[in-house]
1. Give the range 52-88 a look and list any residue that's without any contact (Cβ under 8 Å) to a residue 60 or more places away in the chain, out of contact with any strand residue (DSSP E or B) (no Cβ under 9 Å at 6 or more places or on another chain) and at positive phi, or say none.
2. Just give me the residues in the range 119-136 being over 16 Å from H172 (Cβ atoms) and either of a type outside the set (D, E) or in contact (Cβ under 8 Å) with a residue 24 or more places away in the chain (or both), in sequence order.
3. Can you pull out every residue in the range 142-163 that is among the hydrophobic types (A, V, I, L, M, F, W, C), within 15 Å of R94 (Cβ to Cβ) and not in a loop (DSSP other than H, G, I, E, B)?
4. Before we move on, is L108 touching a residue at least 60 places away in the same chain (Cβ under 8 Å), out of contact with any Cys (no Cβ under 7 Å at 6 or more places or on another chain), part of a helix (DSSP H, G or I) and over 30 Å from D58 (Cα atoms)?
5. Does at least one position in the range 57-67 carry a residue that is outside the structural domain of I221 (by TED's automatic domain parsing), touching a helix residue (DSSP H, G or I) at 6+ places or on another chain (Cβ under 9 Å) and among the acidic types (D, E)?
Amino acid sequence: MIDLYYWTTPNGHKITIFLEETGLPYRIVPVNIGVGDQFKPGFLALAPNNRIPAIVDDDPAEPGPPLSVFESGAILLYLAEKTGRFLPRDLRGRVEALQWLFWQMAGLGPMAGQNHHFSQYAPEKIPYAIERYVKETGRLYAVLDRRLADREFVAGGYSIADMAAYPWIVPHERQGQRLEDFPNLKRWFETIGARAAVQRAYERAKAINTQPTVSEQAKKILFGQDAGTVAR
């Protein structure tokens, strides 16, 4: 059994998609980041960066106690290696998938996240910041669109690279992007969205978070962190 410490964010969706695709038995442990669950000592013991998701695998491949993993990219890699699925085994295929996984972790996720913040949540609308991140999100969409011009998925067959990127494209309208401007990406997006496992993952999200709007109090918790938050 895998315990998934989860909330309904793009990074959380990555892991439910993988788990639904593989059929690994798992239990969701909700971590409501809007009320501060991510700062509870039990969660911090698993995820010292106070961010979801994290997992605890009760049955790791090597003998020993349960194994915990934090950071969504690391979790995807761990689960792919555990199951032998959704990560090519040959050297070149593996490198292809991992570099696009890291591209999402280092680029698409952080830039789209800043896009969300300044366009949706910031108390002051700063035109320069909004334009900066909307443009950079568009640039990254274009990179992905070009990559998909001659292939069905990001790195050979369907892989953890696709699972990592897809949830960050779901809120494209909030990011100021039109999928019609990126036809290859649009085709890929619709293909993944039609997968039964992906649909199950998003249905589970609806059951976990029945009020997905971000309250003013939640904004203070989510966006008011600093070094003192870690020190407490």
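The values are calculated or read from the model by the stated rules, or taken from the named source; none is laboratory data. This structure is a prediction, so every number in the text was calculated from the model and none was measured. Every residue, glycine as well, gets a Cβ built from its backbone with ideal geometry; the counts of neighbours run over all protein chains shown.
1. Once the filter is applied, which keeps residues that are without any contact (Cβ under 8 Å) to a residue 60 or more places away in the chain, out of contact with any strand residue (DSSP E or B) (no Cβ under 9 Å at 6 or more places or on another chain) and at positive phi, the range 52-88 yields G64, G84.
2. Taking the range 119-136 first, the residues over 16 Å from H172 (Cβ atoms) are 121-129, 131-132.
Scanning the range 119-136 gives Y121, A122, P123, K125, I126, P127, Y128, A129, R132.
3. Step one: of the range 142-163, the residues among the hydrophobic types (A, V, I, L, M, F, W, C) are 142-144, 148-149, 153-155, 160-161, 163.
Keeping just the survivors that are within 15 Å of R94 (Cβ to Cβ) gives 153-155, 160-161.
The answer is F153, I160, A161.
4. Working: touching a residue at least 60 places away in the same chain (Cβ under 8 Å): yes; out of contact with any Cys (no Cβ under 7 Å at 6 or more places or on another chain): yes; part of a helix (DSSP H, G or I): yes; over 30 Å from D58 (Cα atoms): yes.
Here the answer is yes, as L108 does meet what is asked.
5. Residues of the range 57-67 outside the structural domain of I221 (by TED's automatic domain parsing): none.
No, the range 57-67 has no match at all.
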